[in-house]
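Structure record follows, encoded as structure tokens.
Readers should treat all values here as calculations from the given coordinates under stated rules, not as data from a laboratory. Just so we're clear, the structure is a prediction, and the values are computed from it rather than from any experiment. Note that we place each Cβ from the backbone using ideal geometry, even for glycine, and neighbour counts take in every protein chain shown.
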Amino acid sequence: MEPDKSINLKVFKVCFYLTLISNLTIYIAQPFDIMLLATLASRCFMLSNLVAFLFAVNHSINKYVPYKTEQIITIICMVCFSFLSFLLSSNLGLYNYVIRMFCYLALPFYLLYMDYLKPDRKMLYFTFLINFLTSIVFTLLSFSKYKYAGYESFIGTSGAWLTLGYDNPNQTAMYLVITIIILLCTMNYFKKLWIKVLNLLDIFYMCWLLLETSSRTCIGIAVIILALLLLKRKYDIPKTLIVGILLLPAFFMVFYPFLYEHGWIYFLEFRGKADYSSRSYIFQTVLSSVQKKFLFGDFSSYQLQNLHNGILSVYSSLGLAGLLLFYIYYLRAYIHILANKIKSRTAYISFLGLLAVFLHACTESAFLVGGSMFAGSLSVLIFLVKLDWNEVERQHGG
């Protein structure tokens with residue numbers, strides 16, 4: 001592959017390294033409530049994303065690449081329409097709007113600029129090292145007083161839900177799922193027996209912690225991914241499946257209240273956690289409240305907050321116009337990944353993880369609208385999905 005000399009690609013590498021380091025920093029700072037450290041890491045996310053995006057814009061001006069230029073234009077349109085939603089809102093400061101939009105655009109930024117990376121073995125091993133350190137952080141927290149933080153009244157009972165000091169069990173569970181996926185990928189790159197054994201033990205313990213969260217969505221995602229890895233030998237994923245999974249949170253938002261009201265899921269229970277929740281009420285209330293502002297949403301009221309459904313969070317804040325751009329961007333990004341072929345086991349596992357984000361978005365919004373930390377956790381999956389395109393193993397003698 002001919003090196004791209006039209007842009008300093010080291011900038012994108014530096015931004016990626018900063019993302020990994022910032023992510024690990026927040027994983028450590030958040031449970032211990034070290035706000036200064038968490039804030040600095042968060043601002044580092046935003047700055048690196050902005051720099052990467054500006055370099056991507058510069059590249060699109062100097063060298064037209066259809067897919068990249070289209071995605072840049074879509075992001076610019078997302079910003080323009082969101083700003084219109086902001087102008088139509090009241091009692092909302094510009095600073096809060098900018099912060100929320102940086103958070104919202106974090107994942108689109110990563111999906112865009114990962115295309116500019118030229119991976120090598122050093123990047124790959126550094127990525128695996130950061131993920132291993134993340135799993136160590138989770139392990140240490142699981143033996144600390146932060147194990148059930150936020151649910152202290154349940155400690156010592158069968159109703160305890162693991163949080164590890166993060167906001168809620170569902171968020172913790174998705175962190176664990178991503179960590180497990182990357183650990184599975186790590187198995188493909190190290191041949192020494194002791195590393196494989198250590199890695200396998202790490203995977204088993206992360207899976208145990210995942211069960212402790214009692215997060216039905218995330219445990220279901222993990223089971224589906226593991227089942228596909230065991231039963232499926234080819235890496236083909238049809239486009240129709242991608243479209244269906246990306247649209248699933250929208251269907252869930254509509255049908256969950258219907259199923260709930262008719263009592264079909266009211267008495268379901270998993271590990272002591274009843275299916276009764278406020279989600280049905282939230283979905284109906286928010287959809288009703290934005291009915292008159294359906295085109296551009298009600299940004300001042302919802303500000304892309306977690307409404308326990310990714311599509312609902314986007315629609316309530318940015319309206320139908322913002323939701324349409326959201327789907328244009330993500331459908332194009334996911335189909336672009338598929339068009340470049342999923343040839344390796346690593347790329348296949350990672351792409352399943354990226355699809356799982358939209359399964360998770362049926363019940364939570366964090367990974368689609370929650371900010372750079374959440375998107376930063378997914379940046380490794382994007383990196384690993386695209387790793388095979390650059391044939392790193394062949395370039396380095398496999």
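Odds and ends about this structure:
- Label zone at residue 305, where the point sits 7 Å out along the Cα-to-Cβ direction: the stretch 343-365 residues whose backbone N lies under 14 Å: 365
- FRET efficiency for residue 57 and residue 240, using Cβ-Cβ distance with R0 set to 35 Å, rounded to 0.05: 0.60
- Within a straight-line Cα-Cα reach of under 20 Å, residue 147 can be paired with the following lysines, leaving aside sequence neighbours fewer than 8 residues apart in one chain: 273.
- Taking 70, 364, 212 and counting other C-beta atoms within 10 Å, the order from fewest to most: 70, 212, 364
- Comparing 202, 115, 236 in a Gaussian network model of the chain where C-alpha atoms under 10 Å apart are linked, the largest mean-square fluctuation is found at 236.
- Sites residue 168 and residue 67, calculated FRET efficiency, Cβ-Cβ separation with R0 56 Å, nearest 0.05: 0.95
- Here's the picture: charge each Lys and Arg Cβ at +1 and each Asp and Glu Cβ at -1 in the chain, and of 117, 328, 19 the one pushed furthest to the positive end of that dipole is 117.
- Sum of -39500 (n - 2.57) over DSSP H runs of 4+, divided by residues of the chain (222 nm, nearest 500): -23000 deg cm²/dmol
- In summary, the helical segments of the chain meeting the span-like criteria, namely a full DSSP H run, a Cα extent along the axis of 18 angstrom or more and a mean Kyte-Doolittle hydropathy of at least 0.0, are 10-29, 35-62, 66-87, 121-142, 169-186, 193-213, 216-231, 239-261, 310-339, 345-360, 372-387.
- Cross-link pairs 196/234; 192/232; 232/386; 239/343; 122/386; 10/122 - those with Cα-Cα distance over 18 Å: 196/234; 192/232; 232/386
- Put a dot 7 Å past the Cα of residue 345, heading toward its Cβ, do the same for residue 248, and the two dots end up 2.4 nm apart.
- Between the stretch 187-234 and the stretch 97-117, the alpha-carbon centres lie 28 Å apart.
- Convex hull (Cα only) mean projected area of the stretch 1-105, reported in nm² to one decimal: 8.6 nm²
- Computed lengthening from residue 47 to residue 195, 0.36 nm per intervening residue step minus Cα-Cα distance: 49.7 nm
- By the count of other C-beta atoms within 10 Å, a proxy for reagent exposure, 197, 357 are ordered fewest to most as 197, 357.
- Inter-label distance, nm, simple model (7 Å from Cα along the C-beta direction), residue 230/residue 136: 3.1 nm
- Counted without the sites themselves, the longest stretch of the chain free of chymotrypsin sites (Phe, Trp or Tyr not before Pro) in a DSSP loop having at most 12 other beta carbon atoms within 10 Å is 268-398.
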